[in-house]
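The values are calculated or read from the model by the stated rules, or taken from the named source; none is laboratory data. Bear in mind that the values here come from a model prediction, so they are computed numbers and not experimental data. Note that we place each Cβ from the backbone using ideal geometry, even for glycine, and neighbour counts take in every protein chain shown. Just so you know, the surface numbers come from the protein's heavy atoms only, side chains and all, with ligands and any DNA or RNA stripped out. Shrake-Rupley method; radii C 1.70, N 1.55, O 1.52, S 1.80 Å.
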Amino acid sequence: MKRIRTILATAIALTLAAACSSGTDDSGSASDSGAGGTVTLRYAMWDEVQKPPIEKSLAEFTKLHPDIKVTIELNNWNDYWSKLQTQIAGRTAPDVFWDHVAYFPQFSQQGVLTDIGPRVQADKIDMSIYDPKLVEGWQVEGKTYGLPKDWDTIALVYSTAALKEAGLTPADLEGLTWNPDDGGTFVEVLRKLTVDESGKHPGEAGFDEKKIKRYGIAMQAPTGQQDWWNFALQNGCRLQDQPWGKWTIDQPACVEAIQFVQDLRLKYHVAVPAAVTNPPNGPSLDQVVGRGDAATAMDGSWMLRAYNTALPDGGFGVADLPAGPAGKGSVYNGLSEAIYAGTEHPEEAWELVKWLASPDSQKIVAEAGSVWPGIPSLNDVFVQAWQAKGVDVTGFKKAAEGTTMGYPLTPSSATYNVKALEIFNQVWLGQMSAQDAATKINSESNNAIK
């Protein structure tokens, strides 16, 4: 599942009213309502990996609802959001579409989404089958705008070959700790995994930081989701004073986490330089690890298929993140299928969303190993799908079952996303201090809250 990797969100100017019609396609023609009363629903998504199992799920849906036809509109992550915003502005949005928590605050405030709460109650949907932390992420002001489709979290993805070469085993990546003073056992292990062209490791006499053959870790996160947010949680930092509230990343615990990420690159020399990995132009982390430039990467569970391509035949594994001064923790969130507020087919759209969120549908997708299911009781189905490929993905499961932090819910997400990309790129290059960056982003993001 491809998520926040190149998030360059801009402010969304939407003029949609809830009563607007979505009964046209991109060319302005009406949605099909063929012979026998067949209704055609447009369903938008961005992940090509998930398309085959979803098509399998939709085939089952059609058997149950022969009068409803579903057409998939697939666009890659960047094109998906720009196209969706254009469609919403032109009142031609798909009937059902994937929603992400980074966009949810704006959409929920601007009348783009259908409140499904009344339908959930009327159909007596058992909400207890879902992770409550995911359910809460789609609720605001007493309204519910989605059911959990899936979940993702962050863990340490490693190359089995790199570990073996360094004389380490997957067990050596478990139980690690870090601190802002000397880096802890986490940095010790990353030093063992980092080697220069002459075979020297950081801290050894003769180590050449300018001729490093392989780094211990690679990191890349335009917003912080795959790097410093996790260290922040582990250090006792809260990104916001409350959900939908003010940003608080200028606090000491948050600044220390930002500084630690910079230190991994510039002080300890165990992380791939930002000049290589800084988004949006840096290579994806699976590519960096796959070509041997780094032994591990802090990355999201949506990237599993990419690592399986870069390091096939069980060439990679997943370990839980290290613990910090405040303990363990990881960023955790998921997607939902949203119903466009202007759909001409609200009843049929609800039937589709209800099916996609059902145990039967989510099991089909989990069995394909394409995404962790929004229903926790199906997590082992996903684990078994990857075990069959020779890959242990339980590191993500451990992270999700521990202390977690949701993606920040804020109406200023567009401002934060743009500023974070611009400013943190400078921090990782050593061109701005952690404190100055945190102060600037905090101030500008809070000023954008209406």
Next item on the list: May I ask you to derive the FRET efficiency for Glu197 and Leu429 from their Cβ-Cβ distance with R0 = 25 Å, giving the value to the nearest 0.05?
Entry: 0.60
Check: Going through region 112-145, which trypsin sites (Lys or Arg not before Pro) have at most 11 other Cβ atoms within 10 Å and a DSSP loop state?
Finding: Lys124
Next item on the list: Using Cα centres only, tell me the gap between region 389-440 and region 58-83 in whole Å.
Entry: 30
Next item on the list: Roll a 1.4 Å probe over the protein heavy atoms and report the accessible area of Val418 in Å², nearest 10.
Entry: 60
Next item on the list: Rank these residues by their accessible area, most exposed first, probe 1.4 Å: Thr194, Thr404.
Entry: Thr404, Thr194
Item checked: Computed label-point distance, nm, for sites Lys210 and Asp241 using a 7 Å Cα→Cβ extension -> 4.9
Check: Which entries in Lys51/Lys389; Lys51/Lys398; Lys213/Lys267; Lys133/Lys389 show an alpha-carbon gap greater than 22 Å?
Finding: Lys51/Lys398; Lys133/Lys389
Note to self: Starting from the 7 Å offset along Cα-to-Cβ, what nm value, one decimal, do you get for the label separation of Ser128 and Leu266?
What the structure shows: 5.3
Margin query: With unit charges on the beta carbons (Lys and Arg positive, Asp and Glu negative) and the dipole taken about the Cα centre of the chain, which residue among Ala161, Ala437, Ala93 sits farthest to the positive side?
Written below: Ala437
Next item on the list: Just subtract the alpha-carbon distance of Glu136 and Gln384 from 0.36 nm times their residue separation and send over the number in nm, one decimal.
Entry: 86.5 nm
Next item on the list: Return the sequence-ordered ³J(HN,Hα) values of region 260-274 in whole Hz as given by the Karplus equation 6.51 cos²θ - 1.76 cosθ + 1.60 applied to θ = phi - 60°, using x for Gly and Pro.
Entry: 4, 5, 5, 5, 4, 8, 9, 9, 8, 6, 10, 10, 3, x, 5
Check: How would you rank 312-324, 225-237, highest first, on the average number of other Cβ atoms within 10 Å across their residues?
Finding: 225-237, 312-324
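How big is the charge dipole of the chain about its Cα centre, in debye rounded to the nearest 20, if each Lys and Arg gets +1 on its Cβ and each Asp and Glu gets -1 on its Cβ?
480
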Checklist line | Table column - 3J(HN,Hα) (Hz), region 369-380, Karplus curve with 6.51, -1.76, 1.60, x for Gly and Pro | finding: x, 8, 7, 5, x, x, 9, x, 5, 9, 4, 5
Margin query: Using a 10 angstrom Cβ neighbour count of at most 15 plus a DSSP loop assignment to flag exposed GluC sites (Glu not before Pro), which longest range of the chain is free of such sites?
Written below: 210-450
Item checked: Cα→Cβ-extended label distance, 7 Å offset, between Asn76 and Glu60, nm -> 3.1
Notebook entry, point to check: Using alpha carbons only, how many degrees (0 to 90, rounded to 10) separate the axis of helix 77-89 from the longest principal axis of the chain?
Noted result: 30
